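The values are calculated or read from the model by the stated rules, or taken from the named source; none is laboratory data. Everything quoted here is computed from the prediction, not taken from an experiment. Neighbour counts run over all protein chains shown; Cβ positions are idealised from the backbone, glycine included.
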Amino acid sequence: MLRDFEMELISEVPELDYCSKLICIELFICFCVCFSLQVSAIWTILLRDFEMELISEVPEPNYEDMVVGPKGPVRIRYRRKAKAAPAEAAQA
């Protein structure tokens with residue numbers, strides 16, 4: 001069953017038949033899911049391998065952009081975490 005926003009998308013593209021519209025919607029949803037998985041993987045590696053500290057004040061959100069982000073620059077200090085010795089890694 002289609003959700004309301006999917007029905008709105010279908011109605012906005014009149015030149016495609018119903019099946020083609022559904023394929024476009026499913027591809028768009030798949031793209032969004034894949035993109036979010038890639039971003040999650042990047043953050044996982046950054047948080048696993050680096051120690052990060054916020055230097056500047058916490059910025060206000062910028063609601064004027066299409067994607068909400070911070071207003072102005074955000075300064076952080078980062079340092080690579082020390083690798084565990086092989087004997088310590090085997091015990092963990």
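Observations, loosely collected:
- Test: residue in the range 43-62 that is in a loop (DSSP other than H, G, I, E, B), out of contact with any helix residue (DSSP H, G or I) (no Cβ under 6 Å at 6 or more places or on another chain) and of a type in the set (Asp, Glu): yes
- Only one of 51, 8, 60 that is at pLDDT 70 or above, at negative phi and surrounded by 10 or more Cβ atoms within 10 Å (Cβ to Cβ): 51
- Filter result for residue 17 (at pLDDT 70 or above and of a type outside the set (A, V, I, L, M)): no
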